[in-house]
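In what follows, a structure is listed as structure tokens, so that the remarks can point back to it.
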Amino acid sequence: MPPKFSTGKEKLLGDEDEVLQAVVLADSFNKRFRPLTTRKPRCLLPICNAPLLDWTFESLALAGVQEIFVICRSHSEQVKNAIAYGFFLLFSAEKTYTFASESRWSKPGSGIKIVPIMTAKETFSPGDAMRDIYTRGLVTGDFVLVMGDLVSNVKIDEVVKAHKERRKTNKDAIMTMVVKESGSKHRTRPTGNSSIFVIDPETSECLYYDAVIGYPPKTVANVPREILAEHPEVEIRNDLLDCSIDVCSVEVPSLFQDNFDYLDIRRDFVHGVLTSDLLMKNIYCYVAKEGYAARVQDTKSYQSISKDIISRWTFPLVPDNNHPGGEVYEHRQGNKYIARDGSVVLARTSRIGNNCLIGPSTQVSDDAQIISSVIGRNCVIGAGTLIDNSYVFDGTTIGPGCIVQQSIIGSGVNIRENTRISKGSLVADEVVVGPNAVLEPFQKLSKKRADGDDEDIDSEEEDLEFDEELIKAKLGTDSNAIIWPRDPPDEDEDEEGIENYKNQRFMRLGDDVADLAYSDEGSLSSDEDTDLSDSDSDSDMYPGTLPTSSTTSLTLESSVVAASDAVAVSEFQAEVTQSLERAFAEGHSVDNAAVELKTLRMASNVPLLRVREAVIAAIVEKIEIVEGGGIPQRQEIAKVINRWGPLIDKIGGVDAVETVTLLQSHCAKSKRLPLFPQILVALYQADIVEEVDMRKWHANPASKGEGVAPGPMKDGLRKCWDVGAAILEQLNQQESDSEEESG
Amino acid sequence: MDLGVATSEPVAREFLAVVLAGFGNELVPLTSNHGAEPCPKALVPVGNKPMIDYVLSWIDQSGIKNVLLICPAIHRAAISHHVHSDLPTSFRVDVQTYDESPDGSTGTCTILRHFSSRISEDFVLLSCDFIPPPSLSLHTILDKFRTESGTDGSIATACWFEATLPDKNAIIEDWGSLPPPTPIVWEENTGTLLYIDSADDSDRNSEELELRMSLLSKYPRTKLSRKYQDSHVYVCRRSVLDLVKEKRHFDSFREEFFPWLCKIQYQRVKRERYGRMLIPPNDDGTLSVALNHSTLQNKLHEKPQLQPSAAEPSEPPSPTEADSGIEPASLRIGVVLHQAADGFATRVNTVHSLLDMNRRVLSQTTYSLPVDPKSRSLIDQKAQISSDTIVGDSTQVAERATIKKSVIGKHCVIGKMTKIVGSVLLDHCVVEDGAKLDGCILGRGTKIGAKAEVSRCVTQAGYEVDAGETVKNEKLDVSDWTALDDEDDEDEDDEDEDDEDDDQEEEEGKDESESE
């Protein structure tokens, strides 16, 4: 239940009919812009010299939104101040904020009410933020949900209208996603985080959603067959740019509340709603034919959106008109934008290439070259310096003779003479680099923190170790910077899904991901080979076509992973044995033992097969060998199996064929080999293994010991298999007997 | 139009039509043997015309003059007789046979491999059971293939039609189930068939369709539908046949080979492996060289220089570079989709569709009774025959028989006071006095006893329904042929003497009419 938190406001809203509300999630919930975002939230980073959040507000204002809730988490004070007092220029080392003007948004005439909402630090995902919205009871009707890094000129009001129209006939239409046609290889379409939509072309209902990440490369998209039952003809679209503009109905936050495991809006919520058999809710797509909308979700899209703005895709939101920062630029031929107030100083021999934007009061010295870049306010570009495809924030000084390529330079940075910043580098605010330093590609720098700095600190930043001497040598004698580790793959490998290191590379500025893109094809083809091996006739036709260098590197990695896996597995087996011994000794119930095993499995993340293997091994070893065999032995086996056999099927899945195979392979190497037939029969009698399963096992060539090196193991397997054959034979006879009897 | 006059062919043949006529196991019991005599599927009539006539005349209209008709060896006599005598042949039909037992399933790929030496040019592979809609000509499909194989290296063109499913109520379960729909994925703009959901695929994953990402990234906007059915019309390059020969494990062309062929379009390894085989490099040589020497092409190859200072001095591309820059052949599979709104199409491969197609033929024809006076005189004046009925030649209809919405074959005998509604009677059926038929398909030479009531049944050739019997919703097979052997011989004799019988019948008819 939502608390009666804002009854007054609700009354107010009730009076004004149809107030269009928007919720802006002004936090990225990821760290792709680190270290630029260590002291500033991402939504306040400038793009084309205006903070991202301002672009978002401008986009929403175009759509006629009247009330905006801004959900902020990290650096929330800054966001709040920015909304209240206007966006500040931050370029002095003393951290005094110089306010440009009072915020346009907080003026009474703006017609928009912006309410910053500070959410808890524990809000780790958009899903958490939605739950927060629900508990606070913020929204009262249909609302527009956007991210705080949106640049758009899509007519969202039309989407809202379409959504409301649909709601009149279909109460279950809870959400409309705005997507934009773009083509699969569009520069603004993120390779590392794109999606497949299956849409009914008639109603534009979204029937299926699948997220696609760049690495590990997705090979197949699984479209559920059942959607064809109701929709005989659907469209599969892999060419849509997800704008992350959603028109949601009021029940969307409550759905997040009910399903507390929803984290991401797309991958969890949309996917969950569409695949759920219970919710029975519909989600629709609005395919924007015209207009522009994109999110600055990583450094690569930062670059492409900057370029899109400069090449005027976002019209009417362009630097020379409606610039969200309130500045006025002169639009010159070749999409050059120079601040109009006459404060820019361009030396006569300096060269400004096409598609550039130069902020007010910036000086460009002799022979400096600026190519496809954005320079902030109050910057100084030294003589002979080359700035290529880079983004320089306000108040930065770049000394003479420097080269800056495909990088983002924060505000108040001082790059001393003859420094080279290679592609993909991110230099955080107030860093001093140089002189004569050379940054390696994809280097990340931030300013060393003074002691007693009480601003909220990125916890990871504290952990950074640095060697002052080394930094001095690398970054020049005057540097105050620390070097961030360049994501070592082995450390981040455990991050799954979209945030894994390799996938992040698709989102990195300046990274063309040539090697990964190639291995994508390679792995596809290796998959292909297995496809072909079904057809034995031609698998040996072209033996030498495949392995590429990149695939070999991949296999190397996987072997490393396999080795570490092996350690984990053996540890796990030891633990299972212990826990089972305890269970045997203390006489736990089967259910309790199963729960314990499940927990163990979760903790060590091993496949079910291993659990089964361990359980079967433990049970077999539990059986005591009775001297002389015979009936006492059989009784002993029956006792153990009846007591503990059910555990095999309780550990999380039933696969009797596997059970028999594992039993066989365990017996083959154990001294309880002679007991195999009796155990198998006991399992059969306890209904843990059916006759069909035994037949399947028996039919499998691997059970015969094929593919196993000759030795005692193979002999054991073979013996078991022969015994199995005898048992099956007996069963056959019994069956035919009984048939005869009945017939 | 007498095209037969031109005996010599100055131009090399462009296409060879390969028509496959099988046993028609799906049409059992209509295609079950009539005694020792086979009832080939190709000759099962639709609107009193053997179904193969529809396909053959469709081919004829498209200008293809050479047909390779492949049928089981035991059908050869009947089919060959039909094709060479009954059809007005302006084109050459080469009837070839393969040995096969009806139950042993020799796949279409096997057959193609066997006859590959006889196919020396691009070919059109058809099935004898496709009834093409009047609005769709084979020409359309051929033209699409011609254009695309010439311009971007398409290897085949298929044709799918929107299937109109019969009403749930109309389906008689005992007649066998309808084949499940086959979902396909295609790109609409270029008409490219990308994925056919084969039976193997649905076995492997019955919950989900597995679409390769390489498909989706190469063709980002595609459609997926289960509305369409394969018409089994494939226009293929000759080189496709080489591939059929190589991939020996494929059995069915439609169910296995073609879905696999679609995958070559977007799977890199398959492209590399089979691309050269499907389109030999010298094949498109002349055109592309010409294109390279055009000024337009050079401009296209120049990459826009975004960073003039950083880039190396640009050189004009050398001819060799330009050559290597040619887009590789697309190996595309074109598809022509025929919408239901533009005319009904079907494959007569189930008993349901046979009945359905017959009814549709009826709704389109205004012609009902035989025109020639001799046959006409056999139909009693007092018989009520509605205009949406076709009655074949030499069929005798007695007085006060009522026939509605039905197709009556040749040489049938319809007794007095009979009532036939919505049924299809093949040739030589006998319906005795007072019998009632509703929604039935009677195989050749079926006998319905007096006052029997049969509704929604399908019978094997030579089946006899006893007088007064009532049968509903069944497939009626002649269960034990050995027991009927004697009668059988008689039957055959009867057939030999058909003409005489006819004469007698005519006489009888005359007698009757005279007596009135």
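The values are calculated or read from the model by the stated rules, or taken from the named source; none is laboratory data. In this text, all values refer to a predicted model and were calculated from it rather than measured experimentally. No Cβ is skipped: glycine too gets one built from the backbone with ideal geometry, and neighbour counts run over all protein chains shown.
Things to note:
- Annotation note: of A:Glu658, A:Glu636, A:Glu613, A:Glu624, the sole residue that is modelled with pLDDT of 75 or more and crowded, with 21+ Cβ neighbours inside 10 Å is A:Glu613.
- Across the stretch B:182-202, the number of residues qualifying as β-branched (Val, Ile, Thr) and within 8 Å of another protein chain (Cβ to nearest Cβ) comes to 1.
- Taken over the stretch A:26-56, the residue count meeting the criterion of being in contact with a Leu (Cβ under 8 Å, 6 or more places away or on another chain) and under 16 Å from A:His75 (Cα atoms) is 15.
- Members of the stretch A:354-395 found to be more than 14 Å from chain B (Cβ to nearest Cβ), closer than 19 Å to A:Ser479 by Cβ and free of Cβ contacts under 8 Å to residues at least 24 places away in the same chain, listed by number: A:Val380, A:Val392
- Checked against the criterion of being closer than 28 Å to B:Cys109 by Cα and modelled with pLDDT of 85 or more, the candidates B:Ile279, B:Ile264 yield just one match: B:Ile264.
- The residues of the stretch A:183-197 that are more than 10 Å from chain B (Cβ to nearest Cβ) and in a strand (DSSP E or B), listed by number, are A:Ser195, A:Phe197.
- Residues in the stretch B:429-476 that are under 28 Å from the mean Cα position of the chain (by Cα) and not in a strand (DSSP E or B): B:Cys429, B:Gly439, B:Cys440, B:Gly443, B:Arg444, B:Gly445, B:Thr446, B:Gln460, B:Ala461, B:Gly462, B:Tyr463.
- Residue match in the stretch A:340-351 (condition: under 23 Å from A:Arg508 (Cα atoms) and either touching a residue at least 40 places away in the same chain (Cβ under 8 Å) or among the aliphatic types (A, V, I, L, M) (or both)): no
- Check on A:Lys180, assigned to a loop (DSSP other than H, G, I, E, B) and within 14 Å of chain B (Cβ to nearest Cβ): no
- Hits in the stretch B:221-263 (condition: within 11 Å of another protein chain (Cβ to nearest Cβ), more than 22 Å from A:Leu228 (Cβ to Cβ) and crowded, with 21+ Cβ neighbours inside 10 Å): B:Phe250
- Members of the stretch A:208-225 that are within 21 Å of A:Phe269 (Cβ to Cβ) and without any contact (Cβ under 8 Å) to a residue 60 or more places away in the chain: A:Val212, A:Lys218, A:Ala221, A:Asn222, A:Val223, A:Pro224
- Taking residues in the stretch B:264-275 that are more than 18 Å from B:Thr192 (Cα to Cα), and partners anywhere that are of a type in the set (A, V, I, L, M, F, W, C) and assigned to a loop (DSSP other than H, G, I, E, B), the pairs with Cβ atoms closer than 9 Å and at least 6 places apart or on different chains are B:Val269/A:Leu546; B:Arg273/A:Met541; B:Arg273/B:Ile264; B:Tyr274/B:Ile264; B:Tyr274/B:Leu331.
- Yes/no for B:Ser116 being more than 30 Å from B:Lys49 (Cα to Cα) and buried (at least 19 other Cβ atoms within 10 Å of the Cβ): no
- Restricted to helices (runs of 4 or more DSSP H) entirely inside the stretch A:211-275, those with at least 1 residues that are within 14 Å of another protein chain (Cβ to nearest Cβ) are A:226-230, A:271-275.
- Where A:Leu228 falls short, out of the listed (1) over 20 Å from the mean Cα position of the chain (by Cα); (2) surrounded by fewer than 23 Cβ atoms within 10 Å (Cβ to Cβ); (3) touching a residue at least 24 places away in the same chain (Cβ under 8 Å); (4) outside the structural domain of A:Val159 (by TED's automatic domain parsing): (3)
- Taking the stretch A:93-156 as the region of interest, the strands (runs of 3 or more DSSP E) fully inside it that hold 1 or more residues being at pLDDT 60 or above and surrounded by fewer than 20 Cβ atoms within 10 Å (Cβ to Cβ) are A:113-118.
- Residue within the stretch A:693-703 that is modelled with pLDDT of 80 or more, touching a Gly at 6+ places or on another chain (Cβ under 9 Å) and more than 23 Å from A:Ala618 (Cα to Cα) present: yes
- The residues of the stretch A:198-210 that are at the interface with another protein chain (Cβ under 10 Å from one of its Cβ atoms) and aromatic (Phe, Trp, Tyr) amount to a single one, A:Tyr208.
- Residue list for the stretch B:208-220, filter: more than 7 Å from chain A (Cβ to nearest Cβ) and surrounded by 22 or more Cβ atoms within 10 Å (Cβ to Cβ): B:Leu215, B:Tyr219
- Within the stretch A:271-320, the set of residues being charged (D, E, K, R), over 20 Å from A:Ile174 (Cβ atoms) and surrounded by fewer than 23 Cβ atoms within 10 Å (Cβ to Cβ) comprises A:Lys289, A:Glu290, A:Asp298, A:Lys307, A:Asp308, A:Arg312, A:Asp320.
- Taking every residue in the stretch A:184-207 that is modelled with pLDDT of 90 or more and surrounded by fewer than 23 Cβ atoms within 10 Å (Cβ to Cβ) and pairing it with any residue that is part of a loop (DSSP other than H, G, I, E, B) and of a type outside the set (Ser, Thr, Tyr), at least 6 positions away or on another chain, the pairs with Cβ-Cβ distances below 7 Å are A:Asp200/A:His231.
- Subset of the stretch A:124-141 [closer than 26 Å to A:Glu58 by Cα and either in contact with a strand residue (DSSP E or B) (Cβ under 9 Å, 6 or more places away or on another chain) or aromatic (Phe, Trp, Tyr) (or both)]: A:Pro126, A:Ala129, A:Met130, A:Asp132, A:Ile133, A:Tyr134, A:Arg136, A:Leu138, A:Val139, A:Thr140, A:Gly141
- Odd one out for B:Asn205 among (1) modelled with pLDDT of 85 or more; (2) at the interface with chain A (Cβ under 9 Å from one of its Cβ atoms): (1)
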